[in-house]
Structure formats: C-alpha cells, structure tokens
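Right, one structure below, let's go through it.
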Amino acid sequence: MIVRSFIVFLLLFTSLWAQSPSSAAGSAGALFLRSGLSTRVAGLGEAFTAVADDENALFYNPAGLANIKKGALALNHTQWFEDIKMDNVVFGYNFDRKFGIAVSISHLWMPSLMGKDAYGNATEEFNVSSSIIQLGLGYRIHPSLFLGVGIKYFQDNLADITASGIGIDAGLYMYTFIPGLTLGLAVQNFGNDIKYDAQLEKLPLQFRLGLAYKIRGIPWRIAVDAYKSIDTDISFNAGMEYTFLKTFSLRVGNQFKNNQAFQPGYGAGFNIANRYLVDYTYYNLSDLGNTHRIGFTFRFGLPGVKIRKTRPRYSNYTITRSRAPLHLRYQIKGDRLIINWGEVRGARYNVYAKLAPDAPWKKINSALIPGTEHRFKKPVKVKGAIYISVTAVVNSVESPFSKELKVELP
C-alpha cells in the first residue's frame, strides 16, 4: 500500500505541474539547486531521469542508485561563463545488488562582484558562492521497479547574507514491458521557503519525466526528458550516447526551451578497463559563451564481486538475470505437442529444441511466450526422441537453459 501511494503521488504531481503554466516565473531562489552537476549527463542534454544507471542518478533520479553495479568516486569540474566555476565530488555504492546509496558535496564559485549604493556609485567588492551536500538512496523493490529518496542541505552566501535550507527528492525507475525501454520519474527540491535577509523565496521545485531506450545488440542509447520547474514553462531535454570498442563514448544532447536557439552540447568519454573513466563535455551558449566540463571517475568492486579485467559489458539488465525455469513436462494430444514449465516471476519465455543430445539448440517460438505453456505441431518426420529446453527472459536478459526434457515421440 505504501509503495502504491508513493507511485501515485509522483505521477499525480508530475502530471499537474507539467501541464500548469509558469505564472510564478522567476520566483524561485537557490538557483544552484537546478544546475547540472555531471559531466556525462551534460553531454546527454541533461536527459538522465530514465537512464539513471550510475552514481549521477543522485542528481536526477535517486531511484536509479539501485542500478549501481560498481562502487564509484567521481570528481566533476565545470568552467562556466564569466569565470563561474562549479566543482563536485560524488561517492556511490550498492549493497547486495538491491540497495544503492550516494553522497555528494558541490560548490559554486563566482568572481568577486562590485557593490553599488542607491546612486550607482561603487562601494566595495563582495563574494557570492553556493554549496550543496546531498544524500540519496535507491532500492529495488521488484526486478523491474526501483524507488528512491534524497535529501540535500544547501547554503547560499551573498556578501554578508547567508541563506540555507533543506530539500527533498523522490524518484521512480522502471523497466517497461518493451525490452530496452525504461521510464523514470522524479520530484526534486521539495521544501520550505528560504529567507534572504528579509525576503522569502521558494525552492525551485522541479518535476522530471523521462524515457530511455537502449538498442539491444548495439551500444547506442537514446533518452528524452520532460522537465518542469515551479517558475518555468515545460521544456524537453534529449540526448544520445554511442559507445564503440567498449571503451570510447560519444554523446550529443540539447535542451529545448521556449524562445531558445538550438545549442547542442557535445561530449566524449574514455573507459580504461572499466575502472578509470574520463568524461568531457563542451557547449556554446550564444549569449553567454563557451562552457567546458570535465569529470574523472574511479570505479571499484562491490562486496563479493570481482572487478572484470576485460572490457566492460553494456547491458543495464545483468543485475536482474533470472534463474532457468524448472519442472518441465510434456503431453501429446493428437498432432499437438504441449510443453509446460514452472513460472519464473516477471518473465517471458523461449523454447528450444534439438534432435540429438549433441546437436545445436534451435528456438521454435517466433515471439516471447507470456505464459508457462507452448503448443506446437508434433514433428512428423522425426522418429524416436527430441530434446526440449526453456529459458526465462526478464528485462531483455535471458536466463541459462533449463534442464533438458526428453520427449518420446510415437
């Protein structure tokens, strides 16, 4: 009941805010809370809600932290326009392949600004900076459904004025019935108003809804996000990532906003032995100038899991690989051969046959089987026995072959 209420809450509020006009445009403070902090995700146009497959899920959809397959320590640096800089460090970890956690510290640096009095005369320089400390948790409640929550403490320093507060994030990540297609949903920066001197400002409450598709057999991912903040109109982010030789990645992405020219960002990544990663993203904002981001990530093994020294795999779904079906049995009715097996939760199935114990397997179904029974026409030219095996498919990942079933044909 709690899980169902949580999902309904996310869907309801995301839908409402995605459709409402931004009558409060420009009303929110703590702007650093809505800044992109990941080098890799910047190259995807900030479309990461339904990708969320590493420690960067902390910043976009905490439910995706359950996707972490290796521990990670990442550093990101952004050289923004007007000599504004952003730096952050994030640590991600996964316990027992179900429970993921990440913590991050981020800081925004700005050059000194010159103060002015009521008459426009220069007074003295002052400093502006912002900091965020974040903690996020993601949990896999079902092989196809993850939930997550996050909490952040932030502080803005504007000359001699300091404002701080706490924001809450919540997210959902789901593998859909379409193999390779994932859905993400997140609500961010939920919290009380913050006070700047004598002025109260709202947190930049944000809603994200995303879809991502990873093409099976091809290391190519496409992602799209719908994004809505309390003081902005709805916008769309889109990005693509292609990895070749299991080492080099190329990315391109763009944020589509009202009255904004097409200004895509371009990114690249280099993966060394699935342990050391270097990412870079560049984009040019016509009215603000060039922006450069660079990130370094060190990955390490989780408890009881050896780090592969071969090149990394691409599948996002190895974490949910199922067992093989059990209790295979058969019956013959007229000219039909009926195969039955025990259920594997959340799975669809493939049925294979061969004519001899040492012969190769051949799949006999044209599409995945949703139930635990398959009927087909009995072979008429085969005498003696045939051998049957069944596999379970969960989230596009196929299980090992089941124990062989020997079918005696009359």
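Points to keep in mind about this one:
- Restricting 129, 144 to those that are in contact with a strand residue (DSSP E or B) (Cβ under 9 Å, 6 or more places away or on another chain), surrounded by fewer than 22 Cβ atoms within 10 Å (Cβ to Cβ) and closer than 30 Å to residue 398 by Cβ reduces the list to 144.
- Residues (surrounded by fewer than 19 Cβ atoms within 10 Å (Cβ to Cβ) and more than 15 Å from residue 239 (Cα to Cα)) located in region 253-273: 258, 259, 260, 261, 270, 272, 273
- Within region 173-190, the only residue that satisfies the criterion of being among the small types (Gly, Ala, Ser) and at positive phi is 180.
- The condition of being of a type in the set (S, T, N, Q) and more than 33 Å from the chain's Cα centre (by Cα) holds for only one of 340, 350, that being 340.
- From the list 366, 322, the one residue that fits, being at pLDDT below 90, over 25 Å from the mean Cα position of the chain (by Cα), among the polar types (S, T, N, Q) and part of a loop (DSSP other than H, G, I, E, B), is 366.
- Taken as a whole, the structure leaves residue 344 outside the set of residues that are surrounded by fewer than 11 Cβ atoms within 10 Å (Cβ to Cβ), outside the structural domain of residue 140 (by TED's automatic domain parsing) and not in a strand (DSSP E or B).
- Filter result for residue 407 (over 28 Å from residue 179 (Cβ atoms) and of a type outside the set (Asp, Glu)): yes
- Among (1) at pLDDT 90 or above; (2) touching a Lys or Arg at 6+ places or on another chain (Cβ under 6 Å); (3) over 30 Å from residue 244 (Cα atoms), the one test that residue 350 misses: (3)
- Yes/no for residue 395 being under 26 Å from residue 143 (Cα atoms), at pLDDT below 85, under 41 Å from the mean Cα position of the chain (by Cα) and crowded, with 17+ Cβ neighbours inside 10 Å: yes
- Exclusive hit being hydrophobic (A, V, I, L, M, F, W, C), in a loop (DSSP other than H, G, I, E, B) and free of Cβ contacts under 8 Å to residues at least 40 places away in the same chain, set 222, 218, 151, 166: 218
- Criterion (within 29 Å of residue 151 (Cβ to Cβ) and under 14 Å from the mean Cα position of the chain (by Cα)) met by exactly one of 203, 183: 183
- Within region 251-276, the residues that satisfy the criterion of being in contact (Cβ under 8 Å) with a residue 40 or more places away in the chain and either part of a strand (DSSP E or B) or in contact with a Ser or Thr (Cβ under 9 Å, 6 or more places away or on another chain) (or both) are 251, 252, 253, 254, 255, 265, 266, 267, 268, 269, 271, 274.
- Region 234-248, residues that are touching a residue at least 24 places away in the same chain (Cβ under 8 Å), surrounded by 14 or more Cβ atoms within 10 Å (Cβ to Cβ) and part of a strand (DSSP E or B): 237, 238, 239, 240, 241, 243
The values are calculated or read from the model by the stated rules, or taken from the named source; none is laboratory data. Everything numeric in this text was worked out from a predicted model, so none of it was measured. Ideal geometry is used to build each Cβ from the backbone, glycine not excepted, and the neighbour counts take in all protein chains shown.
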